[in-house]
Structures are given as C-alpha cells and as structure tokens.
Amino acid sequence: MFRGLRWRLLLSYLTVMAAILGIFGAGVYVFFSQSMYSQLDKKLRTLAQAATPSFTQVKSRGSNYVNQVDIVPWRDIFNRDSQSLEWFDNRGKLLARRGTINLESSLELGFWTFPDPETNIPVRTLTISVFTDSSLDRPEGYIRASQSLEEIYTIKSQLFWVLIFGGMSTLILIGLGGFWLTRKAIEPIEASFNKLKQFTADASHELRGPVTAIKASVDVMQCHPERIHPKDAKKLSAISSATTQMGQLIGDLLFLARTDNATDVPARKRTKIALNKVLQDLVVLLEPIAQEKNITLKYELRPDIYIFGDLSQLNRLFSNLIENALQYTPSGGKVNVSLSKQNRFSLVNVEDSGIGIAPEQIPFVFDRFWRADKARTRREGGTGLGLAIASAIAQSHGGKITVTSQINKGSCFQVRIPVLAQKADI
Ligand SMILES: Nc1ncnc2c1ncn2[C@@H]1O[C@H](COP(=O)(O)OP(=O)(O)OP(=O)(O)O)[C@@H](O)[C@H]1O
Ligand SMILES: [Mg+2]
C-alpha cells in the first residue's frame, strides 16, 4: 500500500518538476532565439546604414568601388562569407553586389526572411531607401543588407540539445533525490498507520471478551423467560441483538486490521480450492433468503477452476457479494452467480437486477463503513464493512474486485483471482 503511494508521490513530483523544467527550458530557448534575431536585425541595420554614404560612389563606379576592400566604410563590420550588400537604383535595378548571397526575390522594404535559392537556408534581409537629396520625395535608390541564418540555426540547435540533455540529467538527479525524499516523507505516515492498525486490532481483540460475556449472560437470561419481568423482555432482546451486531462489527474490524497487510494470511491456512464447489455451496446456503424475498438465484459455474487460498476467507468474500446482491435487489428480481476462466485468472461474476449504484458513488463502495443511502440501509442492519472485507480478501489472494452498475437496473461485481498452476506442488 505504502510502496504504491510512494511511487505515485514520486511520479507526481517528477511530473511537476518536468513541467517546471520544460517551461524553464522553453523560456530560455525562446529568449535566446529572440535575442539572436534582434541582434541580427541590429547588425543588418548598422551594415545598411554604413553602406548608405557610398551610394553615389557605387552609382557612378559600380563594382569597381565596392571591391576596394580597404577603403569602403563597412569593411570592419562586413563578413563576406555569410553576409551580402546590394545597391539598387530607384527602379530596382541592381547596381552592385558585395558578398556571396544572391537573392532572386524582388525588393521589399524593411525586414524579410527569404530562402537562399542555392542552399535553401533562410536569409534575413533589410532593405532601406537611400535619399541623397532631401528635397526629393522619391528615393534615389535602395540598399539591401542580407545575412544567412545558418549560424543562428546551428546555435539554436545546439542550445536545444543542451537544454534537452541538461533537462534530462537534472530530471534523473531530481528523481534520485525525490526517491529519497518521498521515502523520508512516508516513513512517519507509515509508522502512524501501523500504530493505528495495531490499536484497532488490540482494541477489537480486547472488546471481544466483554461483548462475548454480555451476550452469554443475556442468552442465559433468555433461556429462563419465567424469571424475566414481562416489561423487561423486549429490552433484553434489544440488548441481545445489539450485542450480536457489536460482536460482528468487532470481528470485522479485527479481520480488516489483520488483513491490511496482504501477506498476513499464513500460507499454512491456504489449500487448493475448487471455486465451483465453494460457490455452489454458498448458493445452496443462501437460497432460502432468495426464496423468502422472491428473488431468482441462479448459477452457471465452470468446473475444474482451482485457486490456492483460504477457504473460510473465500467463503466470506463470495457470501458478502451474494448477500449484498440479495439485499439490494427488490422482490421479483434476479441474481446470477457465474464462474469462468480468462487466461491465468478465474472470474466470478455476481450480477443482480437490483437498485444499482450511482456512478459517482462507485469509487467509494469498497471504503470502510461506506453505505450508499445511510437512512435506508440503517434499517436493514449491516455496518458497511462487507465490501471492504471482500476487497481485502481478494487482494490478499493476489486478485481484485471491480464493479459495474447502473442505477435501478442492477450491479455486477467481478472478482479476479489468479488460478492455480496445473502442476503446482501443494
Ligand atoms: N449489489 C449491490 N447493489 C446495490 N448497492 C450495493 C450492492 N452491494 C453493495 N452496495 C452498496 O454498497 C454499500 C456497501 O456495501 P457493504 O457490503 O460494504 O456494506 P453493507 O452491505 O451496507 O453492510 P454489511 O455488508 O457490513 O452488512 C451498501 O450499503 C450499498 O449501498
Ligand atoms: Mg454487505
């Protein structure tokens, strides 16, 4: 029980940490990408502006001027391998180009990203208008500064993998730390749970004696009705039935406290059990109750399905389920008990056409002391421990109980318990 809780806690912790790391990593990635793009845009603007004063020279001398690497004003900020500068006249005709990028796209003012026709790698461009005479309202030409995004793409991909590997390693470290932390966190809860369990077991055990004594005394008194004042007879039978109920409750609590640990059932009590025999006996035993309530109780049992278990516990498990089916099915209804095999599991279905359980209540049916309608069920006796006990028994046999139900149509409780291997040595 606590091992499952520990893993669930660790998983939740890891999920939260992974989400935080993911958000942090995505934030870092987006921030660095954005800042690389804005730095690039700044660089392109500086480059285009540095090339503007030379426009007249370029217009008159063309490539002869731009190739004079020692005198051009952009020489210190220009990278021939990844950037290019282009000058156009006011009709968009190329006057000169410096650099290797050769874009075929038409001139568009402002920042744009186009694929390089040769390499297909995107290229960032900035086109600005050139005004040499401020009195003219038409630009004299245009300058386009471009840079390949290859370098940024490489850095982005490196950053991506660093973040992925960094995040994964951090998550592994967090997992190891979390494993230790959850263990430490669960330890006191486990200790107090064990104390509580022990207390319930001890208290139930201690209460059993006095309750048995009261019950025995009342029984003795009831054996001599002539000695009882007629006015006290009713009170005495009320004491007797309350004591019986209390005795059952104490027994149930003691049982649950002892079986909380699935490994508690001593192996020596376990034997090879033919499930069809157990179920058949129970149906025969409970048939009178069904008849009394005018309920059709049927069974359909496959023979030769054996499990390794505790007979009295299994009797209790299935009688709790069949009794519930009979109890929560109105007169004229049907209860069907079936036994089949699916792979390595025996399947016992207890199906009824009774009042059913509301979908929102289904998760609670196996909780201790839980009853669907307290006012209604109180009159019918019972404590709400029946299904909790059945579930504890199924678990201690390596199985589980599931339930499907529809209100006013009926319920089906299914018990899955591993079957005994054919050549088992018992
Ligand atoms: N077959 C069923 N059909 C409808 N409701 C059911 C059925 N079985 C159980 N329930 C609901 O689940 C509740 C819990 O069942 P459980 O057997 O644990 O307690 P109980 O029958 O009320 O009392 P106890 O079994 O201790 O005498 C019941 O009170 C009932 O509301
Ligand atoms: Mg019950």
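Assorted remarks:
- Exclusive hit being assigned to a loop (DSSP other than H, G, I, E, B), at pLDDT 85 or above and among the basic types (Lys, Arg), set 91, 97: 91
- Qualifying residue in the range 377-385 (condition: modelled with pLDDT under 95, among the aliphatic types (A, V, I, L, M) and within 13 Å of ligand 2 (Cβ to nearest atom)): yes
Here is a yes/no grid of residues against (1) touching a residue at least 40 places away in the same chain (Cβ under 8 Å); (2) touching a Lys or Arg at 6+ places or on another chain (Cβ under 8 Å); (3) under 30 Å from residue 236 (Cα atoms):
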residue	(1), (2), (3)
114	no, no, no
178	yes, no, no
183	yes, yes, no
190	yes, no, no
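- Qualifying position, being in contact with a Phe, Trp or Tyr (Cβ under 7 Å, 6 or more places away or on another chain), surrounded by 11 or more Cβ atoms within 10 Å (Cβ to Cβ) and not aromatic (Phe, Trp, Tyr), among 181, 171, 149, 126: 126
- Against the test of being within 12 Å of ligand 2 (Cβ to nearest atom), in contact with a helix residue (DSSP H, G or I) (Cβ under 8 Å, 6 or more places away or on another chain), under 22 Å from residue 277 (Cβ atoms) and among the hydrophobic types (A, V, I, L, M, F, W, C), the options 321, 339 yield a single qualifying residue, 321.
- Flag for residue 132 being open to solvent by 70 Å² or more (accessible area, probe 1.4 Å) and in contact with an Asp or Glu (Cβ under 7 Å, 6 or more places away or on another chain): yes
- Condition check for residue 270: within 16 Å of residue 397 (Cα to Cα), charged (D, E, K, R), touching a Gly at 6+ places or on another chain (Cβ under 6 Å) and more than 16 Å from ligand 2 (Cβ to nearest atom): yes
- The residues in the range 342-374 that are within 16 Å of ligand 2 (Cβ to nearest atom), farther than 20 Å from residue 394 by Cα and hydrophobic (A, V, I, L, M, F, W, C) can be counted, and the count is 3.
- Qualifying position, being in contact (Cβ under 8 Å) with a residue 24 or more places away in the chain, in contact with a helix residue (DSSP H, G or I) (Cβ under 8 Å, 6 or more places away or on another chain) and open to solvent by less than 20 Å² (accessible area, probe 1.4 Å), among 271, 243: 243
- Residue 80 in contact with a strand residue (DSSP E or B) (Cβ under 8 Å, 6 or more places away or on another chain) and loosely packed, with under 15 Cβ neighbours inside 10 Å: yes
The values are calculated or read from the model by the stated rules, or taken from the named source; none is laboratory data. Not measured: the values here are computed from a predicted model. Cβ: placed from backbone, ideal geometry, glycine included. Neighbour counts: every protein chain shown. Note: areas computed on protein heavy atoms with side chains; ligands, DNA, RNA excluded. Shrake-Rupley method; radii C 1.70, N 1.55, O 1.52, S 1.80 Å.
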